[in-house]
């Protein structure tokens with residue numbers, strides 16, 4: 001029997017019961033279990049050439065929307081302002097990206113084999129997103145390489161090599177440029 005993802009309901013006594021979205025609460029015979037779940041943040045670790053794609057839909061209309069696919073993550077953007085802020089934040093990480101190995105290989109590739117192997121997310125970005133940047137240096141005696149951590153909205157990107165950083169920067173830059181050109185054509 002599947003679980004529903006609707007909000008919890010009260011029992012008729014004026015108090016509702018919060019249910020753990022991971023472990024279903026016990027349900028008496030004849031009752032329906034309700035629960036809720038939400039993804040608050042997501043970490044995406046990448047290495048190597050990350051595939052990127054840009055798709056502009058409904059160009060020149062109020063429904064204009066750009067879809068930027070970065071690996072298994074699809075980001076929807078509507079304005080060049082938002083895209084440019086993210087692209088500039090990403091570009092500011094270039095000095096830290098120089099600390100990354102050019103291409104992750106050998107034993108260090110095992111870092112990519114832990115945790116979830118693939119993830120899919122759809123994120124809508126708007127306004128002025130905050131871009132946080134940090135370098136997680138290599139630990140002595142560890143197989144883990146230095147990792148460049150860039151957090152944008154609910155997504156934390158962890159790049160294990162310069163190749164992945166460059167691919168993702170190119171994707172953000174392409175999206176910002178395309179939206180800038182499209183908005184200039186609309187005027």
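The values are calculated or read from the model by the stated rules, or taken from the named source; none is laboratory data. No experiment lies behind these values; they were computed from the predicted model shown. Reconstructed Cβ throughout: ideal geometry from the backbone, glycine too, with neighbour counts over all protein chains shown.
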Query raised in the report: If you go through region 73-83 one residue at a time, do you hit one that is in contact (Cβ under 8 Å) with a residue 60 or more places away in the chain and part of a helix (DSSP H, G or I)?
Result: yes
Query raised in the report: Within the bounds of region 148-157, is there any residue that is modelled with pLDDT under 95 and over 19 Å from residue 76 (Cβ atoms)?
Result: no
Requested in this report: Determine whether region 55-68 contains at least one residue that is at pLDDT 65 or above, touching a helix residue (DSSP H, G or I) at 6+ places or on another chain (Cβ under 9 Å) and under 30 Å from residue 144 (Cα atoms).
Outcome: yes
Query - region 70-87 - residue that is within 21 Å of residue 164 (Cβ to Cβ) and surrounded by fewer than 17 Cβ atoms within 10 Å (Cβ to Cβ) and, of those, modelled with the lowest pLDDT - result: 72
